[in-house]
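K.L.:
After the structure tokens below, expect a handful of questions from me.
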Ligand SMILES: [Zn+2]
């Protein structure tokens, strides 16, 4: 069994997506979903599914386990730009910074973090190097 | 101008002190500042205490120990800028005529290791998205793109600040370091090595503020020159920057969102009627080596993209045109969140009075202190003599 690290952030199907929202007044996209646009304070942005691929904007790797984290180290950590004009902070499946390059294509994946007390895989969203 | 002068400052060194409590350190710093100001019990009408990890009523515990309570005591949490926030509140109350003398202090005992912040939700920690140094690393990597900052530049920031800190008895590290040693320390988050990151630690700092109208026109004989608080400003973030100290989960593909530091610095220069060209000495947030260089650009010490060149010119080292972090910065002192901003103010007051010995910036008349951190919160203080 798989359990999401937090409900409402992503879909875990064959083609996963990130669950965002779009402001009907200023057009900005948000992730995660907001009930008020942070850019213009307009309420009730419309729910949208964000593009599952983008390009790499910044990246590093985490080499020591941060507080509250039970998964493997090292792991990749970075920022991916999506075509909607939004930059997403996310785990990366590649943990060697030298193996990544600015602007390279990245694709959304759902990855396992660790097993919970019932033996379920706790999963979250991440980006992996994609096909050019 | 705020119409407020610094009547006294005091400090408990920054470091690790086994068996010394947050209250003990606060008492030490407050006692020193009150003594210097010649203020006794009943001599101040309000107190503001900056702390992030101190817990409930940190300020009350310090002042109870000193037998000085009854006045309003307000604990202020604004992350790395807690002390700056406390100073802003105190200066505002004095300028409004609410009080004539106010005590401002910060005291902190940080947990060891990577800072755990209640800012993050449990799921963000579980997903590995709450690793504070990784956000610093992403900012450093972007600085390489926008400003040509290399690992050698980052190492040089550490070398400079540790050289300054070697003559600061209040610093945690009082030993110089070579660029080779910095680059040989282990990589925490590429491109940041261990010695490029400051150590969360313990310490306290205190400042007594007084309304200028209530101060004598010229300082009495034997006392150091008057230092005036020209501006004390706190700002938060605007949305949209993915690398903002507000640590959002997303942002816009828009690089023009002003940073909280730029917002605070702009407002502080306006309040003081001064600009970056007027500065003689700066203490800025160097949580990591890249953060100091980002601060150069965000405060306006150089043009955007110019931080590597400013560092390489030697202007920001002691003996240069505009020394930055003569105290050794957080890279030498370590960072006790609630006390770090006031620690900068204590250093700058002593610089303006000419009391800093080997690390003295000769003839300094205008000084700027800067802190920024989670929230986001950015505090900028300008002092003059
Ligand atoms: Zn909007």
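K.L.:
Go through the range A:12-26 and give me each residue that's more than 11 Å from chain B (Cβ to nearest Cβ) and within 11 Å of the chain's Cα centre (by Cα).
P.N.:
Hits for the range A:12-26 are A:16, A:17, A:19.
K.L.:
Ok, one more. Consider residue B:102 against the criteria (1) free of Cβ contacts under 8 Å to residues at least 60 places away in the same chain; (2) more than 14 Å from chain A (Cβ to nearest Cβ); (3) surrounded by 19 or more Cβ atoms within 10 Å (Cβ to Cβ): it satisfies all of them except one. Which criterion is unmet?
P.N.:
All conditions pass for residue B:102, except number (1).
K.L.:
So which residues in the range A:13-45 are away from the ligand (no atom under 13 Å from the Cβ), modelled with pLDDT of 95 or more and part of a loop (DSSP other than H, G, I, E, B)?
P.N.:
Hits for the range A:13-45 are A:16, A:31, A:32, A:33.
K.L.:
On to the next question. Applying the selection to the range A:46-55, what residues are more than 14 Å from the ligand (Cβ to nearest atom), without any contact (Cβ under 8 Å) to a residue 40 or more places away in the chain and part of a strand (DSSP E or B)?
P.N.:
Listed by number, the residues that qualify are A:47, A:49, A:50.
K.L.:
Within the range A:56-132, which strands (runs of 3 or more DSSP E) (wholly inside it) include 2 or more residues that are more than 11 Å from chain B (Cβ to nearest Cβ) and closer than 28 Å to residue A:21 by Cβ?
P.N.:
The strands (runs of 3 or more DSSP E) meeting that bar are A:105-115, A:121-129.
K.L.:
Just a yes or no: is a residue in the range A:80-89 within 16 Å of the ligand (Cβ to nearest atom) and surrounded by 16 or more Cβ atoms within 10 Å (Cβ to Cβ)?
P.N.:
Yes, that holds for at least one residue.
K.L.:
Out of B:59, B:92, I need the residue that is assigned to a helix (DSSP H, G or I) and surrounded by 19 or more Cβ atoms within 10 Å (Cβ to Cβ). Which one?
P.N.:
Of B:59, B:92, the one residue that is assigned to a helix (DSSP H, G or I) and surrounded by 19 or more Cβ atoms within 10 Å (Cβ to Cβ) is B:59.
K.L.:
Identify, please: which residue in the range B:121-150 is more than 8 Å from every other protein chain (Cβ to nearest Cβ) and outside any helix (DSSP H, G or I) and is, among those, farthest from residue B:16 (Cα to Cα)?
P.N.:
That would be B:148.
K.L.:
Tell me which of these residue A:66 doesn't satisfy, since it passes every other one: (1) crowded, with 18+ Cβ neighbours inside 10 Å; (2) more than 16 Å from the ligand (Cβ to nearest atom); (3) modelled with pLDDT of 95 or more.
P.N.:
Condition not satisfied by residue A:66: (3).
K.L.:
Could I ask something else about it? Does residue B:54 satisfy being in the same structural domain as residue B:12 (by TED's automatic domain parsing), surrounded by 21 or more Cβ atoms within 10 Å (Cβ to Cβ) and part of a loop (DSSP other than H, G, I, E, B)?
P.N.:
Yes.
K.L.:
Working only within the range B:163-202, note down all residues that are within 14 Å of chain A (Cβ to nearest Cβ), free of Cβ contacts under 8 Å to residues at least 60 places away in the same chain and in a helix (DSSP H, G or I).
P.N.:
Within the range B:163-202, B:194 is the sole residue that qualifies.
K.L.:
Please verify whether the range B:149-162 includes one or more residues that are touching a residue at least 40 places away in the same chain (Cβ under 8 Å), out of contact with any helix residue (DSSP H, G or I) (no Cβ under 6 Å at 6 or more places or on another chain), more than 17 Å from residue B:198 (Cα to Cα) and not assigned by TED's automatic domain parsing to the domain that holds residue B:49.
P.N.:
Yes, because at least one residue in the range B:149-162 is touching a residue at least 40 places away in the same chain (Cβ under 8 Å), out of contact with any helix residue (DSSP H, G or I) (no Cβ under 6 Å at 6 or more places or on another chain), more than 17 Å from residue B:198 (Cα to Cα) and not assigned by TED's automatic domain parsing to the domain that holds residue B:49.
The values are calculated or read from the model by the stated rules, or taken from the named source; none is laboratory data. Just so it is clear, the structure is predicted and the values come from calculations on it, not from any experiment. Ideal geometry is used to build each Cβ from the backbone, glycine not excepted, and the neighbour counts take in all protein chains shown.
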